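Before any comments, here is the structure.
The values are calculated or read from the model by the stated rules, or taken from the named source; none is laboratory data. Computed from a predicted model, the values in this text were never measured in an experiment. Here the Cβ is made from the backbone with ideal geometry for all residues, glycine too, and neighbour counts use every protein chain on show. We work out accessible area using only protein heavy atoms, side chains counted, and drop any ligands, DNA or RNA first. Shrake-Rupley method; radii C 1.70, N 1.55, O 1.52, S 1.80 Å.
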Amino acid sequence: QVDAFYASIILFAGRVWDAITDPMVGFFISKTSWTRFGRLMPWIMFSTPFAIISYFLIWFVPDISTGQVMWYLVFYCAFQTLVTCFHVPYSALTMFISREQSERDSATAYRMTVEVLGTVLGTAIQGQIVGKVDTPCIGNPFFFGLPNSSVAMEELNMTQDTESLTDTRNAYMIAAGVIGGLYVLCALILVLGVKERRESSELQSDEPVSFFQGLKLVMNHGPYIKLIAGFLFTSLAFMLLEGNFALFCTYTLGFRNEFQNILLAIMLSATLTIPFWQWFLTRFGKKTAVYVGISSAIPFLIAVVVLDSNLFVTYVVAVAAGISVAAAFLLPWSMLPDVVDDFKLQHPSSHGHEAIFFSFYVFFTKFTAGVSLGISTLSLDFAGYQTRGCSQPGQVNFTLKMLVSAVPVGLILLSLLLFKLYPIDEEKRRKNKKALQDLREESNSSSESDNTELASIV
């Protein structure tokens, strides 16, 4: 029941705050001392209970007449911060479990498979629990002559009785409780099942540098900038597709009762094909996998808007989109450890910057989600989208076609061009792996020699 303007302010302010906290958390992690649990695990352990509380309070409706906007702003920003305290060390953990590139790639494949599966599970839980509450659409043609949807929302709110509103509130609270329980369970599995290894990421001869020096070094590393740029446009393309596909199926294609199953087909397809892309990148290389995997969605995205509305074709497109989503999820993350290794070879006297690499990667993931939300909301608003309308004007249907087809295709082509400039191919990876092994052996032998000399002096 919060006004749409204030809801937008809350979401925008939360995204801005989130953009600040990602590098801040990366900074604090880089300054964190090693404990018996590791450097990263304490962040995961201590942020989890507070993240659960703040998430639950996001969906709670306080019994206050004023101050609701501030309530949601505070707890939305708090939740974004606490998720960052979990997600940055969780992502960087890949660099602290093994020195072997193949093992890191395998760990990334498992991680992304379960992340996509978690997205499916979360979407299903939220959709099934909240979806049981009947929220009727607005069918009065009068609303389609209005400049915006605020009057339509007010009319809907006036016609909803108190009992229905209470049921809706309870449904959101139940869903929040179930998802919060899953959050705790998965965090326990992570903390109890994964051992952080200090020696996996550091050379014994390393000398630490300050955070800002490290940040300057990281952001001046060419392969990292090229990878981030390609990752940014790829993520934005698929965020636009996923964010608007439900509306596209409901209004443009007319499959109001099928869109949940279509979205489920996308995510299940992505989950099941991540192991295939892991095999593909091992067999043909990561850059080849990027070209094939991400570009495979283009013909299907074009077909879904060119061909007449057909449920079978829509499911085929959903499965094909899921295959590309799997590649977009997996490949950029599996390429990031290679960039970190390349950085270490160029800067052997600097260490402890893994959190910086991963924090900006996490930031761009969230940034693209915010940009996607902004582009979609503004475009549909200009087109005359009516919130909860049973049908939409022709301009809205045209805009939805652009948001799920033309714009993602353009962004995918741009990202492929940027990935073409990415310099770390399979030959470069092998050379870096050998050079790192030689550097570690040299570092270890130098350390042993120093110890022997010290012992002889004593």
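Sites listed here are trypsin sites (Lys or Arg not before Pro) in the range 284-367 whose DSSP assignment is loop and whose Cβ has at most 14 other Cβ atoms within 10 Å, and the list is empty. Values of log10 I(q)/I(0) for the range 210-439 across q = 0.12, 0.13, 0.16, 0.18 Å⁻¹ run -0.70, -0.79, -1.07, -1.27, by the Debye formula with one identical scatterer at each alpha carbon and no solvent. Which is the longest part of the chain that has none of the chymotrypsin sites (Phe, Trp or Tyr not before Pro) sitting in a DSSP loop with at most 15 other Cβ atoms within 10 Å? It runs 61-458.
Looking at the range 1-92, the trypsin sites (Lys or Arg not before Pro) that sit in a DSSP loop and have at most 15 other Cβ atoms within 10 Å of their own Cβ are Lys31, Arg36. Taking 20 Å as the cut-off, the amide N atoms of the range 397-424 that come nearer than this to a point 7 Å along the Cα-to-beta-carbon line of Ser296 belong to 405, 408-417, 419-420.
Helices from the chain with mean Kyte-Doolittle at least 1.0 and a Cα length along the axis of 18 Å or more, per DSSP H: which?
Values: long enough: 4-30 (39 Å, 1.19); 41-58 (25 Å, 1.56); 68-92 (36 Å, 0.98); 101-131 (44 Å, 0.11); 162-193 (46 Å, 1.20); 222-247 (39 Å, 1.30); 259-284 (36 Å, 1.07); 311-346 (53 Å, 1.33); 354-383 (44 Å, 1.18); 407-421 (22 Å, 2.37); 426-457 (47 Å, -1.78).
Helices passing the filter in the chain: 4-30, 41-58, 162-193, 222-247, 259-284, 311-346, 354-383, 407-421.
So, in Å, what gap is there between the alpha-carbon centers of the range 213-281 and the range 301-371? Going from one Cα centre to the other spans 6 Å.
Each listed q (0.11, 0.19 Å⁻¹) maps to a log10 I(q)/I(0) for the range 284-359 from the Debye sum over equal C-alpha point scatterers, namely -0.45, -0.82. Going by accessible surface with a 1.4 Å probe and the largest first, Met95, Met70 read Met70, Met95.
Between Gly389 and Ile138, the built amide H atoms are under 5 Å apart, and every one of these is 5 or more places off in sequence or on another chain.
Which FRET efficiency, nearest 0.05, do Leu311 and Ser33 yield, Cβ-Cβ r, R0 51 Å? Show your work: numbers first, answer last.
Working: r = 58 Å, r/R0 = 1.13.
After rounding, the FRET efficiency stands at 0.35.
For the range 206-322, the equivalent ellipsoid derived from the alpha-carbon gyration tensor has semi-axes of 36, 17, 13 Å in decreasing order. Shape index of the chain: Rg/Rh, with Rg the Cα radius of gyration and Rh the Kirkwood radius from the inverse mean 1/r over Cα pairs, equals 1.01. Using a probe of 1.4 angstrom and keeping all protein chains present, the accessible surface of the chain works out to 49 square angstrom per residue. Per-residue surface analysis assigns Glu427 an accessible area of about 100 Å², computed on protein heavy atoms at 1.4 Å probe radius.
Take the Cα of Lys216, step 7 Å toward its Cβ, do the same at Gln346, and the gap between the two points is 1.6 nm. Straight-distance candidates among the lysines for linking to Lys287, with alpha-carbon spacing under 26 Å and chain neighbours fewer than 8 residues away dropped: Lys226, Lys344, Lys366, Lys420, Lys428, Lys431, Lys433, Lys434. In terms of Cα atoms, the Rg and Dmax of the range 302-406 work out to 20.1, 62 Å. Extending 7 Å from the Cα toward the beta-carbon at both Tyr6 and Ile20 defines two label points whose distance is 2.2 nm.
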